[in-house]
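Please treat every number below as a calculation from the coordinates, not as lab data. Keep in mind the model is a prediction, meaning the values are calculated, not measured. Cβ: placed from backbone, ideal geometry, glycine included. Neighbour counts: every protein chain shown.
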Amino acid sequence: MPNPWNVDDLEVVGYANVLKSDMLPSVVPPVFRLKSSAERALLPPYSFNAGFLCNATEAPQSELEALRDSNDITLFDHAFPARGGFELWIDRAFHWHYQPRDEAGGELSRIAAEAIENATEALRQGNLEEAERLTSVATSANDKRLEPLAIKAAIRRIQGDTAGERLMAELAATALEETFNLLVEHYYGAAARKQPTETAPAPVPRRPMQDVARLRAAA
């Protein structure tokens, strides 16, 4: 197993995805590089623990370029220092943001809420195509929100698509179950440690684009 790398010794050179406009905004996993050795890059999957990057796959610069050319990763024009507890995400204009995880989550939640509000208005006005597009934006920003699935289900009902409406209900049930399981783990962990239980944190967007492919397939 590779030794962990101190995040302070790394820089971000890109991210392990190639995004299209209908996949944005999106949280993405950074591709790292050692500051002391530009030829040593670190690729996901990996995990973070106490300021260290663990279990990443090391790759030479030549492999990064090959992955970029095959549209498996995106490389930035300029690298920037990695920071512990930070999240990398790409907005709808393809601009990258590297922020503290709570700050990034708050910004993405705001984008999701705004998209849901606009999708609701578009649905009221009978603009189903715009409502559909905005629900995809909301889901990309925060796939724990159930409102986009409900709006999509309403659109399917208007269109007479019974199977599509049923699929939205199934996806909503899955999302509820996942949220419930997160809460169970939170309270179980607190009980196991015999510590006072704090209010459970709001779920954050998953990495990257989980379930979005199924949503697009149903569109």
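Compared with the dominant principal axis of the Cα atoms in the chain, helix 128-141 is inclined by about 30°.
Only Cα pairs within less than 10 Å get springs; with that Gaussian network setup on the chain, which residue of Lys144, Lys152, Lys35 has the largest fluctuation? Ranking Lys144, Lys152, Lys35 by mean-square fluctuation puts Lys35 first.
Length, then width, then depth: along the principal axes, the Cα atoms of segment 1-116 run 43, 34, 24 Å.
For segment 107-117, the Karplus equation 6.51 cos²θ - 1.76 cosθ + 1.60, evaluated at θ = phi - 60°, returns couplings of 5, 5, 5, 5, 4, 4, 4, 5, 5, 5, 4 Hz by residue, with Gly and Pro reported as x. Take the Cα of Cys54, go 7 Å toward its beta carbon, and the backbone nitrogen atoms of segment 1-31 under 14 Å from that spot belong to 1-7.
By the count of neighbouring beta-carbon atoms within 10 Å, fewest first, Leu176, Leu34 end up ordered Leu176, Leu34. Largest GNM mean-square fluctuation across Ile158, Ile111, Ile73, computed for the chain with C-alpha springs under 10 Å, falls on Ile158. Measure nothing fancy, just the Cα-based angle from helix 147-158's long axis to the longest principal axis of the chain, in degrees from 0 to 90, nearest 10. It works out to around 40 degrees. Against the chain, whose longest principal axis is taken from its Cα atoms, helix 162-192 shows a tilt of about 50°. Here the Karplus curve 6.51 cos²θ - 1.76 cosθ + 1.60, taken at θ = phi - 60°, turns the phi angles of segment 8-13 into couplings of 5, 8, 10, 9, 8, 10 Hz, with x standing for Gly and Pro.
As a calculated quantity, the FRET efficiency between Glu103 and Leu34 at R0 = 41 Å, using C-beta atoms, amounts to about 0.95. In this structure, the amide hydrogen of Ile73, modeled 1.01 Å from its nitrogen in the peptide plane, lies closer than 5 angstrom to those of Arg68, counting only residues at least 5 positions away or on a different chain.
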